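To start, the structure itself, in structure tokens.
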Amino acid sequence: METLCCNLQSSSTPLICLHLLVLCLLLSQAHAVDHGGISLRSQQMALLHWGSTLESTGPQISSWQASTSPCNWTGITCSVAHHGMPWIVTNISLPDAGIHGQLGELNFSALPFLTYIELSNNSIHGHIPASMSNLTAITELSIHQNMVSGHIPKEMGMLANLKLLQLSNNTLSGEIPTTLANLTNLDTLYLYGNELSGPIPPKLCEMANMQYLALGNIKLTGEIPTRIGNFTKMIKLYFFGNQIIGSIPPEIGNLVMLTDLILYENKLSGSLPAELGNLTKLNNLLLHENQITGSIPLGLGIISNLQNLILHNNQISGFIPGTLGNLTKLVALALGRNQINGSIPQEIGNLMNLQLLSLEENQISGSIPKTLGNLQNVKNLNFRSNELSNSLPEEFGNIPSMVELDLASNSFSGHMPANICTGASLKFLFLSLNMFNGPVARSLKTYISEHFGVYPKLKKMSLKSNRLSGQISPNWGACPELAILDIAENVITVELKLSSNHIRGEIPPEIGNLTNLYSMNLSFNKLSGSIPSQLGKLTDLEYLDISVNNLSGPIPEELGGCTKLQFLKINNNYFSGNLPGTIGNLASIQVMLDISNNKLDGLLTQGFGRMQMLKFLNLSHNQFTGRIPSSFASMVSLSTLDVSYNNLEGPLPARRLLQNASASWFRNNKGLCGNLSGLPSCYSARESGHHKRKLLRFLLPVALAVGFTVVAAIAFSMVFIHNKRKPPESTTAKGRDMFSVWNFDGRLAFDDIVRATENFDDMYIIGAGGYGKVYRAQLQDRQMVAVKKIHTTQEELSDERRFSCEMEIITQIRQRSIVKLYGFCSHPEYKFLVYEYIEQGSPHMTLENDDLAKELDWQKRTTLVKDVAQALSLAGTYGYIAPEMSYTSFVTEKCDVYSLGIVVLEVVIGKHPRDLLQHLASSRDHYIMIKEILDSRPLAPTTTEEENILSLIKVAFSCLKASPQARPTMQEVYQTLIDDQSSSFLSTNYYALIVDELWDS
């Protein structure tokens, strides 16, 4: 305006400029009046104020500056209502923007023209402000996946133009307000994943335009309103994961546009309404895990578009209707764990697209129809625990895509088809507890007979409790991933005996190719020949039982390559020759080593002394000669030793266990002696050499005199030379030489530590664990150290060499997550380790302190877990010990993996996860969301950190599997943690996830 006035060159210029200025002001006021007195500047100020209150943001908000128009800001869209009118803010779109703040700080009264708000996947918290009712023009509002709490304000019912309302995956509570029924234009309402309660408001059914209604996992109660039939435009209806009771109302049949009806995990009862057959557009019908009774309606067979029919875990009875064969688009049919009877209809063979057929745990009887051979795409077939009988049809074997086949616990008989499960996809095969018979060689094409193909993906096979016969085939070697093979309790020849099996033939050398095998039991058979040396390739083998067979020949040295063996039985065979020295390589063996009842001879190897975890050793009924090696005294865990019926002689090893042993362990040998009732004294055993002792008494004084003179001369010379070479030492240093102190650079000594801790007074304790207490000690040089005093028995105190060796190994370890070990000390009364002292030096201590836990953000926690996985500096403390330790005493890498799982969960949830684990191990009458277990003290995680947290939880759960073999190795855990996590790790953000589902996956 000023420029315009300056360009007018006349005497009336000042007057014209004044008029134009007044005109501009009047126009500006007119525009403001048209917009309710709200200008673009006032909208800008409202947004800037909100931005200034946010606790943290992503880079999008950095463009919000007072010097620029909000219309140019990231995430803000402006428009013009009418030509010639000023710009107004209409859209706020900031999903995944790292926003951490409250909606209540945004003045919605200053932004009445908003039509679109998208703030999903942020960390917005606090309540939904009632002032949002001013947004009368808004059509879409999405605050999905945040931390919004409190009630849904009833004022939301004033947003008359709203079409989409998405408040899912927050922590909203209270009941669903009935005022939402006023939103007559609403077609999408997502409230799932909150803490809402109460019944489904019947008035919601008046929203005639509703197409997508998702109320899952919000603790709804009551019944489904009968007025639900008013939702004639409904496309997707989700009520899963609630506590809804009553029956499914027949009015549901009015929802003729419905494609998805998802009602699983409720308490629905009663029969399935026949009106479900009206839902001809239905793709997915998921009603599992309810209490539905009655039979399957015949009308379901006319829902030709149905792809997933999931009804398992109910109380459905009656038979499977043949009309289901009309559902040719069906991909999954799950009817397991009901009370269904009758036979499998042959029409099921029409379901050419079927990938999953689950009928387990019913009372289905009869034969498997031949038409099931038509299911060329099926991957998972589960008929476990029914009353099916007769032989399998030959056509049943023509299913090349099969991944899992479970026919266990039925009454199948006859031979299995020669071409069963052709193809290379099979991973799990369960045929146990049936009456299959015939030769194995013609029954299991993939693994046991040369007639079968190769199945490189096979992981588990169970054939136990059948009537199979035949030989073990070399083709087993073509299954390199086979980890579990159970063929116990069969009748493997034409003879019927009481023993488990009577497999004949030799153990094929190709069995050594099953490098993932961890357990093999071939006991009580008629196996002959020798142990193939290739067995030594099974480096993961933990359990081997080939006892009670007709095996012979020497024990191969290669058996010592099975270094992970914890249980080995080769007793009751015809093995001969010496025990190989490599048997001492089996240092991991813990439970049992039984070599009894063979024809072994020669000397016992000193290598037995390396089996320090072994509890039961049976060498009886062989022909061993010589003495029991002195190294047996190192077998500190041994509770039973049986060497009876051999040709052994000499004294028993000096060990407390043997002093209280049974004489039956040593009977029928050549000349064993010792201080044990029932055995001759080693002194009396020498009476036959009495005349030699007379000569010894004559020569002994002379020998002693000469010997003393020589030793004294040598000692005098050594002291003289030593004193010339070494400077004098202080009295204190000489006094400390009586203790064994290593790796301490001469700076620390026993009396310094005893003085600093006042003889290990409890006032200096800073921690305690399963192996000892930790003390804080300030030494004379003012250095602060942590001293771990080890709980030891009297016997362990005397085992100086073992303690020294273990300490030398520990001091060689270098990793940033392992506290530095300065040294270790051994004394007749104490054994202790001296570590670097670190304030709040453990994750547990950090997590107990709220201030420190806040500082330990999610990035640091992720890094901590990776370091711990790499270092493996854990285990041995109550609460972190794997469950199998309580009944097997196995100490394996998988115990460390379990302990790591506990630590990872502790880091994620901020405390020891005992309550969570108890919940997961229970019958679980309710579910826990991911957001309920996360430590709330650090700042909310970013999207990337959310993915890391999900990765940590899944890794932890994999480490906590009940079966040690199901757990990953420590290397696999570490590799999983360091690999980059894909953004598609899970399609749903972690706030929507249920802990129980992750645990069960």
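Brief remarks follow.
- On the range 132-252, 50 percent of the accessible area sits on carbon and sulfur atoms, based on a 1.4 Å probe.
- Coupling constants for the range 237-248 follow from the phi torsions by the Karplus curve (6.51 cos²θ - 1.76 cosθ + 1.60, θ = phi - 60°), and in residue order they are 10, 10, 10, 5, x, 10, 10, 6, 10, x, 9, 6 Hz; glycine and proline get x.
- Highest-first arrangement of 535-542, 566-573, where packing means the average Cβ count within 10 Å: 566-573, 535-542
- Residues whose amide H falls under 5 Å from that of Asn390, counting only those 5 or more places apart or on a different chain, are Ser413, with hydrogens built in the peptide plane.
- For Asn578, nonlocal amide neighbours, meaning residues 5 or more places apart or on other chains whose placed amide H falls under 5 Å from its own, are Asp601.
- For the range 187-272, the solvent-accessible area with a 1.4 angstrom probe is 33 square angstrom per residue.
- Exposure rank, largest accessible area first [Lys154, Lys564, Lys789; 1.4 Å]: Lys154, Lys564, Lys789
- Count Lys and Arg as plus one, Asp and Glu as minus one, and take only other residues whose Cβ is under 15 Å from that of Glu55; the net charge is then 0.
- Within the range 559-648: Cβ-based charge dipole about Cα centre, in debye rounded to nearest 20 (Lys, Arg +1; Asp, Glu -1): 160 debye
- Student exercise, the range 494-594 dipole from Lys, Arg, Asp, Glu Cβ charges, in Debye to nearest 20: 180 debye
- J(HN,Hα) series, the range 93-106, from Karplus relation 6.51 cos²θ - 1.76 cosθ + 1.60, nearest Hz, glycine and proline x: 10, 9, x, 6, 9, x, 6, 10, x, 10, 5, x, 7, 8
- From the alpha carbon centroid of the range 164-233 to that of the range 297-334 is 28 Å.
- Using θ = phi - 60° and Karplus 6.51 cos²θ - 1.76 cosθ + 1.60, couplings along the range 359-371 (whole Hz; Gly, Pro as x): 10, 5, 6, 10, 10, 6, 10, x, 9, 7, x, 4, 5
- For Gly505, the amide hydrogen comes within under 5 Å of the amide hydrogens of Ser528, counting only partners 5 or more places away or on other chains and with H modelled in the peptide plane.
- The range 43-172 shape via C-alpha gyration tensor axes, a/c threshold 1.5: oblate
- Ordered from largest to smallest accessible area (heavy atoms of protein chains, 1.4 Å probe), the residues Ser899, Ser637 come out as Ser637, Ser899.
The values are calculated or read from the model by the stated rules, or taken from the named source; none is laboratory data. What you see is a predicted model, and the numbers here were worked out from it, not measured in a lab. For neighbour counting, all protein chains shown are included, and Cβ atoms are generated from backbone atoms with ideal geometry for every residue, glycine included. Heads up: the accessible areas ignore ligands, DNA and RNA and are worked out on the full protein's heavy atoms, side chains in. Shrake-Rupley method; radii C 1.70, N 1.55, O 1.52, S 1.80 Å.
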